[in-house]
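Below is one structure, written out as structure tokens, with a few remarks after it.
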């Protein structure tokens, strides 16, 4: 899950360097201050929905590069 970790770390850094308060970010994104705080302080990961809201509020865009992971074939019964 290195890509997920990289995205989350980039988002954390963007929040820390955005120059706006967590209160303001919460108002802009619709994500509570508590969720933002626990995410920034490495106490939880962000869901894709939360990450998208935060990124949008910061003027960023989440993008996927490369191929999505292949699904494992279902085992027959």
Response to the item:
Exception for residue 62 within (1) at pLDDT 95 or above; (2) in contact with a helix residue (DSSP H, G or I) (Cβ under 8 Å, 6 or more places away or on another chain) falls at (1)
Worksheet item: Looking at the stretch 5-19, which of its residues are surrounded by 12 or more Cβ atoms within 10 Å (Cβ to Cβ) and touching a helix residue (DSSP H, G or I) at 6+ places or on another chain (Cβ under 8 Å)?
Response: 7, 8, 11, 12, 14, 15, 18
Response to the item:
The lone condition residue 76 fails out of (1) within 13 Å of the chain's Cα centre (by Cα); (2) at pLDDT below 95 is (1)
Item to complete: Kindly list the number of the only condition in (1) at pLDDT 95 or above; (2) touching a helix residue (DSSP H, G or I) at 6+ places or on another chain (Cβ under 8 Å); (3) at negative phi that fails for residue 30.
Response: (3)
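The values are calculated or read from the model by the stated rules, or taken from the named source; none is laboratory data. Computed from a prediction, not measured in an experiment: that's the story for all the values here. Here Cβ is always computed from backbone atoms with ideal geometry, including for glycine, and neighbour counts include all displayed protein chains.
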